[in-house]
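Trainee: Structure below; questions to follow.
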Amino acid sequence: MRASNTKQALVRSVRIATLATLWLVPLFLFVSAFSSDWVSTWRAVGVPSMTPKFLDLYSIPTGVETLHNGGDPLVANPGDPYHRPMNYPRIWLYAFSAAGVTRDKIPIVALVLCAFYLACISVLIARTAHAVDAVVILVASLSAAPLLAMERGNNDLFVFLLVFLACFATHKYFKSGLFGAAALLKFYPIIAMIIDGLRRPTKERKLAALLILLAASLILLQWRDLGLIRHGTPISRTWSYGVLSLEAEAFHESLQRGGALVGLEWIVVLECWLMGALAIRYAWRNSAEPDAAPSDSKFAELFSAFGGIYVFTYAIGSNWDYRLIFLLPTLPLALEMARASRHRLWAITYLVFAGIAENPVAARSQGGIFASQAATFALFILLLIMLTNQAKILRSEGPASVAA
């Protein structure tokens, strides 16, 4: 009994310390960045900073200005500091316009988004049952990729919040509404909405399917905008992940070696999809008995929703590394799986690659680019295997059985 009480006291102490660190580190960075040099402060912690402050948010209020001047910010946005067309759905324009968010209010909005993100991570840490889990989540949540999201003030932080709240919502309509709102804001969370529908009891799936169909229809009504957004989103081989980033890296490597394979980079995309399909086939054909249920029933739901988002975004495009924040809610289940015998190797491998991915060194060296791309691809395959495993258990035993 005394040993148990001592262990619980240790866990509580570590949780308190990690929660304090989680909030104090960004606070210190922002105070330093605002009071001295913005770029040098962030680059000191490995983040490729740019000015003006919270650059990504600028495209929305400047887009509102362009819209009011009779232009289309998804086509051309001359008010943006780098003349980037806005590559977000138009709903952001209407929301910022209605809220009266102008350029001078960008820092306030950005800091609120950062606070939303930190609040979500605080919940993950507060629900940990082991001290080491709290420390791992803390380190991952303050890695270079999440810090990049905070430095840019990227609105993925708000989408992260909506998906996170949806996973914890108990009212079925409210849960679907949160997933649907996230999907309309950034499109890709539609996959989390679909996964949530599949995880629901059979009697609730028809309603979930109707709501998914409604959200998908609203997205498809923006078909022209989807093309503009895709055209306005650059494909990068550094500080990014996804099949198109890997294709860009293959193109770069081909040029470095004389250009013999230029024009054939699309083969890389097909190979990624093929290996993903083989991973699904492997997981489906092998036995899928679950380990013991996780200590927190929400861990499996977080894993499936956020893991599904990562797999989907990897498979269809090129994503800036700040979107790797969607891996963070998958860590609690992976940490618990590392303690069980059946999935220990998978979990340890997953955690190692997640650590590499969250701390991209792509901008520093050629080897760094390879390590970053290899890690994100490995996570794509590992997640496909485990998500297929969850789907197989769900199919055979029902939603309540999905743990690992």
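The values are calculated or read from the model by the stated rules, or taken from the named source; none is laboratory data. This is a predicted model, so every value here is computed, not measured. Neighbour counts are summed over all protein chains in view; Cβ atoms, including those assigned to glycine, are modelled from backbone coordinates with ideal geometry.
Trainee: Considering each of Ile235, Ile219, Ile229 in turn, give the residue that is under 30 Å from Pro360 (Cβ atoms) and in a loop (DSSP other than H, G, I, E, B).
Mentor: Ile235
Trainee: Still on this structure, I have one more. Return only the number of the condition from (1) in a helix (DSSP H, G or I); (2) surrounded by fewer than 18 Cβ atoms within 10 Å (Cβ to Cβ); (3) not polar (S, T, N, Q) that Ala129 does not satisfy.
Mentor: (1)
Trainee: Oh, and also: Report, by residue number, each residue of segment 358-384 that is in a loop (DSSP other than H, G, I, E, B) and either over 18 Å from Leu244 (Cα atoms) or modelled with pLDDT of 95 or more (or both). Steps first, answer last, please.
Mentor: Of the residues in segment 358-384, the ones in a loop (DSSP other than H, G, I, E, B) are 359-365.
If the condition is that a residue be in a loop (DSSP other than H, G, I, E, B) and either over 18 Å from Leu244 (Cα atoms) or modelled with pLDDT of 95 or more (or both), then Asn359, Val361, Arg364, Ser365 are the ones that fit.
Trainee: Starting from segment 155-175, keep only residues that are under 14 Å from Lys298 (Cα atoms), then list their pairs with residues that are part of a loop (DSSP other than H, G, I, E, B) whose Cβ atoms are within a distance under 8 Å, requiring at least 6 positions of separation or different chains.
Mentor: Pairs found: Val163/Pro189; Lys175/Ala169.
Trainee: Assess whether Phe306 counts as being surrounded by 22 or more Cβ atoms within 10 Å (Cβ to Cβ), at pLDDT below 95 and of a type in the set (Phe, Trp, Tyr).
Mentor: No.
Trainee: What tally of residues in segment 66-91 results from selecting those that are aromatic (Phe, Trp, Tyr) and either outside any loop (DSSP other than H, G, I, E, B) or touching a residue at least 60 places away in the same chain (Cβ under 8 Å) (or both)?
Mentor: Of the residues in that region, 1 qualify.
Trainee: With the structure loaded, tell me whether Leu118 is part of a helix (DSSP H, G or I) and touching a Pro at 6+ places or on another chain (Cβ under 8 Å) or whether it fails that test.
Mentor: Answer is yes for this residue.
Trainee: Identify, by number, the condition in (1) of a type in the set (D, E, K, R); (2) touching a Leu at 6+ places or on another chain (Cβ under 7 Å); (3) free of Cβ contacts under 8 Å to residues at least 12 places away in the same chain that Lys203 doesn't meet.
Mentor: Evaluating Lys203 over (1) of a type in the set (D, E, K, R); (2) touching a Leu at 6+ places or on another chain (Cβ under 7 Å); (3) free of Cβ contacts under 8 Å to residues at least 12 places away in the same chain leaves (2) as the failure.
Trainee: For segment 92-118, name all the residues that are without any contact (Cβ under 8 Å) to a residue 40 or more places away in the chain and within 22 Å of Val45 (Cα to Cα).
Mentor: Val112, Ala115
Trainee: If you don't mind, another one. Quick check on my filter: what residues within segment 157-176 are under 15 Å from Ala305 (Cα atoms) and either in contact with a strand residue (DSSP E or B) (Cβ under 7 Å, 6 or more places away or on another chain) or in a helix (DSSP H, G or I) (or both)?
Mentor: Val159, Phe160, Leu161, Leu162, Val163, Phe164, Leu165, Ala166, Cys167, Phe168, Lys175, Ser176, listed by residue number.
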